[in-house]
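Peer 1: Let me begin by handing over the structure; questions about it come next.
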């Protein structure tokens with residue numbers, strides 16, 4: 001079979017880039033945990049010895065780490081001075097935990113994916129699922145750290161205002177249910193922004209609820225934010241003004257059941273905000289870097305969780321049409337795309 005050498009070399013170039021990125025994940029985690037990125041942020045050019053001294057680490061390891069980071073474009077190397085600089089733009093993503101583009105949560109998720117590979121390989125052979133709580137614990141903390149910066153940057157100032165009337169209700173004082181809250185990042189952010197409203201976060205994963213309760217205490221919002229363990233299709237309460245689901249509806253074993261239950265617990269003039277990973281209804285339009293990340297997460301995390309509960313396995317790239325079908329089948333009569341970002345679709349569902 002004749003081989004197009006140019007196409008082969010092009011593919012190998014991409015593959016080598018992927019291998020280098022994968023190998024560097026552990027080094028990014030080390031850089032965060034040892035404070036290497038934070039030590040470089042705003043410090044200007046630094047030698048390996050200076051960075052090692054500042055962080056209490058071994059110079060020989062730091063030197064090799066810096067060259068890896070420079071090869072990936074994370075830091076900049078000046079051969080004239082033999083020093084390295086963390087540009088301000090990279091510092092936003094690598095050293096500022098309050099930045100909306102902070103990346104290190106993704107590296108924790110990658111760690112969990114690698115550790116869970118044997119479990120998912122077995123699922124490929126059997127067709128069985130893997131429930132959320134049966135994953136490596138890095139997934140739980142990594143997911144919260146990966147999504148929290150995006151929620152902090154968009155939820156209060158962008159997504160909620162895109163739903164007519166919702167911000168006014170929250171400012172006056174509303175009762176809100178946050179379904180699939182995980183470690184509670186979204187619930188706490190809303191609780192801080194709208195102190196007159198009462199928020200309750202629900203999740204079926206007991207350990208996540210424990211972490212969320214501690215997060216509310218640390219954030220000083222325990223007076224108007226609480227967390228309870230409950231599934232999406234049977235959480236308690238009635239008469240909610242506002243219900244939210246952040247990056248979780250597609251994971252569920254019974255997303256239609258969730259929609260029905262949300263409808264039964266929501267006021268007739270209430271609103272349900274559904275935040276989902278960005279996806280086109282046409283799979284070929286998702287074959288891009290963002291779609292690649294989401295299809296990988298879907299294969300390793302989202303599909304297995306749904307299948308573990310005999311669900312439809314919608315996947316992280318379900319798209320707007322499938323979400324509309326879930327929501328309207330569950331009893332909602334109005335559904336629209338309220339807004340979007342490069343990473344998320346935000347839907348507004350009304351009774």
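The values are calculated or read from the model by the stated rules, or taken from the named source; none is laboratory data. Everything numeric here is computed off the predicted structure, so don't read it as measured data. In this analysis, Cβ positions are derived from the backbone assuming ideal geometry, glycine residues included, and neighbour counts consider all displayed protein chains.
For (1) within 31 Å of the chain's Cα centre (by Cα); (2) assigned to a helix (DSSP H, G or I); (3) under 24 Å from residue 138 (Cβ atoms), each residue gets a yes or a no:
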position	(1), (2), (3)
8	no, yes, no
13	yes, yes, no
16	yes, yes, no
20	yes, yes, yes
25	yes, yes, yes
49	no, yes, no
53	no, yes, no
64	yes, yes, no
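Peer 1: Here's a follow-up. Being assigned by TED's automatic domain parsing to the domain that holds residue 25, within 19 Å of residue 24 (Cβ to Cβ), touching a strand residue (DSSP E or B) at 6+ places or on another chain (Cβ under 8 Å) and without any contact (Cβ under 8 Å) to a residue 60 or more places away in the chain is true for just one of 85, 55. Which residue is that?
Peer 2: Criteria check complete, one pass: 85.
Peer 1: Next question. Considering the stretch 160-204 alone, what residues qualify as being farther than 22 Å from residue 335 by Cα, out of contact with any helix residue (DSSP H, G or I) (no Cβ under 8 Å at 6 or more places or on another chain) and in a helix (DSSP H, G or I)?
Peer 2: 171, 172
Peer 1: Could you tell me whether residue 260 is in contact (Cβ under 8 Å) with a residue 60 or more places away in the chain and assigned by TED's automatic domain parsing to the domain that holds residue 198?
Peer 2: Values: in contact (Cβ under 8 Å) with a residue 60 or more places away in the chain: yes; assigned by TED's automatic domain parsing to the domain that holds residue 198: yes.
When the stated conditions are applied, residue 260 passes them.
Peer 1: From (1) surrounded by fewer than 17 Cβ atoms within 10 Å (Cβ to Cβ); (2) more than 24 Å from the chain's Cα centre (by Cα); (3) within 15 Å of residue 35 (Cβ to Cβ), pick out the condition that doesn't hold for residue 97.
Peer 2: Answer for residue 97: the failing condition is (2).
Peer 1: Take the conditions more than 24 Å from residue 259 (Cβ to Cβ) and buried (at least 20 other Cβ atoms within 10 Å of the Cβ) and apply them to residue 125. Does it pass? If you could, list the steps in order and put the result at the bottom.
Peer 2: Details: more than 24 Å from residue 259 (Cβ to Cβ): yes; buried (at least 20 other Cβ atoms within 10 Å of the Cβ): no.
Answer is no for this residue.
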